[in-house]
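Structure, as structure tokens:
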Amino acid sequence: AAQGEPQVQFKLVLVGDGGTKATFVKRHLDISAKSNYNFEKPFLWLARKLIGDPNLEFVAMPALAPPEVVMDPALAAQYEQDLQIAQTTALPDEDDDL
């Protein structure tokens, strides 16, 4: 880097399958994409390095309550009436459209 410019450092994360033979790897994490075993570990390690906090932890996202549906009672009554009419209405015997 030129004088006065900050030097950029980066972390390299190598991800491979069980057959990967890398002798230069400093740290090894067993993970499985198929069973989701330890899938968060590389991301947690990388986040800790980027933030500079070895105690950083991921927390589970809280379950969100389903959205509450607000329906106009008059509209609900209209739908109920339409349903009653539809259930008692005979269908025509004409099958010309088939």
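The values are calculated or read from the model by the stated rules, or taken from the named source; none is laboratory data. Because the structure is predicted, anything quoted here is derived from the model rather than measured. Counting neighbours? That spans all protein chains shown, and the Cβs are built from the backbone with ideal geometry, glycine included.
Give the residue that is modelled with the lowest pLDDT, with candidates limited to residues of segment 17-36 that are surrounded by 10 or more Cβ atoms within 10 Å (Cβ to Cβ) and over 24 Å from Ile51 (Cα atoms). By that ranking, first place goes to Thr20.
Per the conditions (1) assigned to a helix (DSSP H, G or I); (2) exposed (fewer than 10 other Cβ atoms within 10 Å of the Cβ), the sole criterion not satisfied by Ala90 is (1).
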